[in-house]
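Bear in mind these aren't lab numbers, they're just calculated from the coordinates by the rules spelled out. Remember, predicted model here, so these are calculated numbers, not experimental data. No Cβ is skipped: glycine too gets one built from the backbone with ideal geometry, and neighbour counts run over all protein chains shown.
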Amino acid sequence: MSIRFTKEDWARIREDYGKWWDHSLERPLIKITLQEQAACPLRIPLLTQATCHRFDISPEDVIERFNWELEQQEYLGDAFPMVNFDVFGPGVIAAFLGADLDNSSGRVWFSDSRNLELEDMHFEFQENNRWFQRICEIYQAGIRRWNGLVLMGMPDLGGVMDILASLRGSENLLYDLYDNPDEVKRVSGEIQEIWLKYFHAFSEILQQADPGYTDWTGLFSQEPSYVVQCDFSYMIGPDMFREFVLDDLTRLCEALPHTLYHMDGKGQLAHFPQLAQIRALDAVQWCPGDGAPRTGEWPEVYRQIRESGKNIHVLGDARDFRDIAAQIGAKGLYAGLTMPASQRREAEELLAEFGIS
């Protein structure tokens, strides 16, 4: 079996996603990946957050295991073969800068046992960091194996203040906003510069063969793109968001041709008016959070995003997508769905409903 995708398919993907980014696509983007349910015959564990510490598995074996998974998939609508590199945890730059990566729970968490004071934090790009090198080695193995047929995504680099919260501790950082605001701005500025260096370092490797860019959202772009975020902002008000977050976000959005903001939880809704003013921000993803109503039950949030002129990444299932499209219209929406192969009929009906062949 081989991966069911071609260079001609990639040409179509580049054209349609390009139109979505520039608002000229008259339909939504809906990527549906059909997944066969089969037992893997390979005795190689899949690279996940639970196994990312397994440096004993060669990069070639990591890629071979991914390849088997991809061979079990079929790509409908706007879907394409990709590998999601969020497997090293959310905000992995913290590990690049010396934080401890703990995946003993099966999920990755970062903390810094050095317990550095803010004044003692001075960070630089660490090319020899073992986590950075591991990701680079796996990328190189993927390039040799696929030669551009499969899109390998960026790691979950994290938001600037989220990375700082991992290094400093969220509670300490909240106190720092009051007690030492100038140092917070100095360190966050250093992290932002380093963030861009890591992004470009990975890009140099991936663009040897990758057909474009993606990240954990699964959203494709032919030009450099990324999902920007600040989950830490859930814990602060609009004034502090303006002082400590807005400028960093704006600079990142202006540094990359395409960006999407991950707006996570009700605590971030108060910041949306400021986000809406970032002209270089292209799209917004609304994530209501655990225990909150499903995404289709937030029409007022989606209307605000629509009125701001931003495109929208819809989380949830087909029902949520249909509800939101009915509420605000389908143009400018994007959704990535994975379904078992047995649901092919439902998948094709959804695509046909929105004019996607």
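Test of understanding: extend the Cα→C-beta vector of Lys7 to 7 Å, then name every residue of the range 129-162 with backbone N under 12 Å from that spot.
Inside the label zone: 148-149.
Which GluC sites (Glu not before Pro) does the range 18-62 hold that lie in a coil by DSSP with at most 11 other beta carbons within 10 Å?
Values: sites: Glu26, Glu36, Glu60; in loops: Glu26, Glu36.
For GluC sites (Glu not before Pro) across the range 18-62 that sit outside H, G, I, E and B with at most 11 neighbouring Cβ atoms in 10 Å, the list reads Glu26.
Would you please name the trypsin sites (Lys or Arg not before Pro) within the range 8-81 that are DSSP coil residues with at most 11 other C-beta atoms within 10 Å of their C-beta?
Values: sites: Arg12, Arg14, Lys19, Lys31, Arg43, Arg54, Arg65; in loops: Arg43, Arg54.
Passing sites in the range 8-81 are Arg43.
By its C-alpha gyration tensor, with a ≥ b ≥ c as the square roots of the eigenvalues, how is the range 140-187 shaped: rounded for a/c under 1.5, else prolate for a/b larger than b/c, else oblate? Present the calculation step by step, with values, prior to reporting the outcome.
Values: a/c = 5.40, a/b = 4.23, b/c = 1.28.
Verdict is prolate for the range 140-187.
Who wins for biggest fluctuation among Asp210, Asp317, Asp248 in a Gaussian network model of the chain, springs between alpha carbons below 10 Å?
Looking only at Asp210, Asp317, Asp248, the largest GNM fluctuation is found for Asp317.
A 18 angstrom limit on the alpha carbon distance is what I want to check against. Which of Lys31/Lys331; Lys19/Lys310; Lys19/Lys331 exceed it?
Numbers: Lys31/Lys331 15 Å; Lys19/Lys310 14 Å; Lys19/Lys331 11 Å.
Check vs 18 Å cut-off fails for no pair.
Under 10 Å, Cα contacts only: if you run a Gaussian network model on the chain, which one of Phe132, Phe55, Phe110 comes out with the highest mean-square fluctuation?
Comparing Phe132, Phe55, Phe110 in a Gaussian network model of the chain, the most mobile one is Phe55.
Along the positive direction of the dipole of the range 140-218 (beta-carbon charges: Lys, Arg +1; Asp, Glu -1; about the Cα centre), which of Val150, Leu196, Thr217 reaches farthest?
Of the candidates, Val150 comes out farthest on the positive side.
Run the reach check for Lys7 against aspartates and glutamates, Cα to Cα strictly under 17 Å, same-chain hits fewer than 8 apart removed. What comes back?
Glu15, Asp16, Glu71, Glu74, Asp78, Asp210
With both partners inside the chain, how many of the DSSP beta bridges are antiparallel, as a percent to the nearest 5? All intermediate terms of the calculation are to be shown ahead of the outcome.
On the way: 9 of 33 bridges.
Bridges in the chain are about 25 percent antiparallel.
Once the dipole of the range 221-287 is set up with Lys and Arg at +1 and Asp and Glu at -1 on Cβ about the Cα centre, which of Ala280, Gly265, Leu252 lies farthest towards its positive end?
With unit charges placed on the Cβ atoms, the residue in question is Gly265.
Could you please state, rounded to a whole Å, how far the C-alpha centre of the range 272-321 is from the C-alpha centre of the range 8-30?
20
Normalise the Debye intensity by I(0) for the chain, one equal point scatterer per Cα, no solvent, then take log10 at q = 0.15 Å⁻¹ and round to two decimals.
Computed log10 I(q)/I(0) values: -1.44.
With a/c under 1.5 counting as rounded, go ahead and sort the range 219-326 into rounded, prolate or oblate using the C-alpha gyration tensor (a ≥ b ≥ c being the square roots of the eigenvalues; past the cut-off, prolate if a/b is larger than b/c, else oblate). All intermediate terms of the calculation are to be shown ahead of the outcome.
Values: a/c = 1.88, a/b = 1.23, b/c = 1.53.
Note, shape of the range 219-326 comes out oblate.
Can you give the Kirkwood hydrodynamic radius for the range 27-119, in Å, rounded to one decimal and based on Cα pairs? Before the final figure, lay out each step's value.
Working: mean 1/r = 0.0636 Å⁻¹.
Computed over Cα pairs of the range 27-119, the Kirkwood hydrodynamic radius comes out at 15.7 Å.
Could you pull the Cα extents of the range 160-219 along its three principal axes, largest to smallest, in whole Å?
47, 21, 15
Given axes a ≥ b ≥ c from the Cα gyration tensor, I'd like to know whether the range 95-211 is rounded (a/c under 1.5), prolate (a/b larger than b/c) or oblate. Provide the component values of the computation, followed by the final result.
Working: a/c = 2.72, a/b = 2.00, b/c = 1.36.
Since a/c reaches 1.5 and a/b is larger than b/c, the shape of the range 95-211 is classed as prolate.
Counting Lys and Arg as +1 and Asp and Glu as -1, each charge on the Cβ, what is the dipole of the range 116-180 about the Cα centre in debye, to the nearest 20?
Details: 5 positive and 11 negative charges, 158 e Å.
That gives the range 116-180 a dipole magnitude of about 760 debye.
Using Cα springs under 10 Å in a Gaussian network model of the chain, which residue among Ala11, Ala99, Ala141 shows the largest mean-square fluctuation?
Answer for the Gaussian network model of the chain: Ala11.
Suppose R0 equals 41 Å. What FRET efficiency, 1/(1 + (r/R0)^6) with r the Cβ-Cβ distance, do Asn180 and Glu346 give to the nearest 0.05? Please list the in-between numbers first.
Working: r = 54 Å, r/R0 = 1.32.
Calculated value: 0.15.
Have a look at Gly291, Phe241, Leu333 and report the one farthest towards the positive end of the charge dipole of the range 241-334, computed about the Cα centre with Cβ charges (Lys/Arg +1, Asp/Glu -1).
Highest projection toward the positive end goes to Leu333.
Would you work out the charge dipole size for the range 1-63 about its Cα centre, treating the Cβ of every Lys and Arg as +1 and the Cβ of every Asp and Glu as -1, and quote it to the nearest 20 debye?
Working: 9 positive and 10 negative charges, 19 e Å.
Once rounded to the nearest 20, the dipole reads 100 debye.
Quick one: putting +1 on the C-beta of Lys and Arg, -1 on the C-beta of Asp and Glu, what dipole do you get for the chain around its Cα centre, in Debye to the nearest 20?
Values: 33 positive and 57 negative charges, 208 e Å.
The dipole magnitude comes to about 1000 debye.
Quick one: pull the percentage of alpha-carbon pairs in the range 124-273 with a separation above 17 Å. Provide the component values of the computation, followed by the final result.
Working: 7101 of 11175 pairs.
The answer is 64 percent, as a whole percent.
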